[in-house]
């Protein structure tokens, strides 16, 4: 069984804000698996479904971000889960916009919801999926920034990222954290550049081999005198 928790703040006031990307990934997964209406439990909204034949609980705490650990601890205890069956999804101002980063454990990194979960579980050895929302401009205060909404250009990038994040959750469930990290942590732009460099190197190598073949001199076929018939006069 897996528990997937998206962090955010409840209420229409906070819908679509930077701080609520965790909720949005849960919404994407719920849409993919046609889960129906959520139930209220653990001071959260949750649905139970099967993802790749694995019973999975999708949970959004309604405690507000800074008290997210209340719902997570209650759910972990109720389902009697080990921490390697838990995945937390949250925003991260220390990552560039739309970048994904999966980790098997670690500190909260300044994310208050994640910090409360660590405090209430008494352990930081659980998986987390961070979604980059970038740092605020110098003139913005961090609370105002994370509770603000993406502009039109940012929204295009973040919508792609939310779908990738849902893909990452599916890979985590099916293949585990290491496979998910290797697939989704690399910078897509850097991966594209590496692939392009490899393509160009392969092309140059092939051209060099063709040129070497063209420059190679033809060698006459030697004949063995013993194989040549002799005629007696």
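Taken over the stretch 122-151, the criterion of being buried (at least 17 other Cβ atoms within 10 Å of the Cβ) and either closer than 29 Å to residue 74 by Cβ or within 21 Å of the chain's Cα centre (by Cα) (or both) is satisfied by 124, 126, 127, 128, 129, 130, 131, 132, 133, 134, 146, 150. Take the stretch 114-132 and flag every residue that is touching a strand residue (DSSP E or B) at 6+ places or on another chain (Cβ under 8 Å) and over 23 Å from residue 167 (Cα atoms). Within the stretch 114-132, just 117 meets the criteria.
Among all residues of the stretch 54-64, there is at least one that is in contact (Cβ under 8 Å) with a residue 60 or more places away in the chain and crowded, with 18+ Cβ neighbours inside 10 Å.
Using the structure shown, decide if residue 159 is surrounded by 13 or more Cβ atoms within 10 Å (Cβ to Cβ), part of a helix (DSSP H, G or I), out of contact with any strand residue (DSSP E or B) (no Cβ under 7 Å at 6 or more places or on another chain) and free of Cβ contacts under 8 Å to residues at least 12 places away in the same chain.
Values: surrounded by 13 or more Cβ atoms within 10 Å (Cβ to Cβ): yes; part of a helix (DSSP H, G or I): yes; out of contact with any strand residue (DSSP E or B) (no Cβ under 7 Å at 6 or more places or on another chain): yes; free of Cβ contacts under 8 Å to residues at least 12 places away in the same chain: yes.
For residue 159, the condition - surrounded by 13 or more Cβ atoms within 10 Å (Cβ to Cβ), part of a helix (DSSP H, G or I), out of contact with any strand residue (DSSP E or B) (no Cβ under 7 Å at 6 or more places or on another chain) and free of Cβ contacts under 8 Å to residues at least 12 places away in the same chain - is met.
Criterion applied to 119, 92, 167, 134 was being modelled with pLDDT of 95 or more and touching a helix residue (DSSP H, G or I) at 6+ places or on another chain (Cβ under 7 Å), and the one residue passing it is 119. Within the stretch 88-120, the set of residues being surrounded by fewer than 17 Cβ atoms within 10 Å (Cβ to Cβ) and assigned to a helix (DSSP H, G or I) comprises just one member, 119.
If I ask for residues that are in contact (Cβ under 8 Å) with a residue 24 or more places away in the chain and assigned to a helix (DSSP H, G or I), which ones from the stretch 133-156 would you list?
Selection gives 142, 145, 146, 154.
Among the residues of the stretch 1-49, those that are out of contact with any helix residue (DSSP H, G or I) (no Cβ under 9 Å at 6 or more places or on another chain) and part of a loop (DSSP other than H, G, I, E, B) comprise 11, 33, 34, 37.
The values are calculated or read from the model by the stated rules, or taken from the named source; none is laboratory data. Computed from a predicted structure; not experimentally measured. Glycine also receives a Cβ, built like all others from the backbone with ideal geometry; neighbour counts cover every protein chain displayed.
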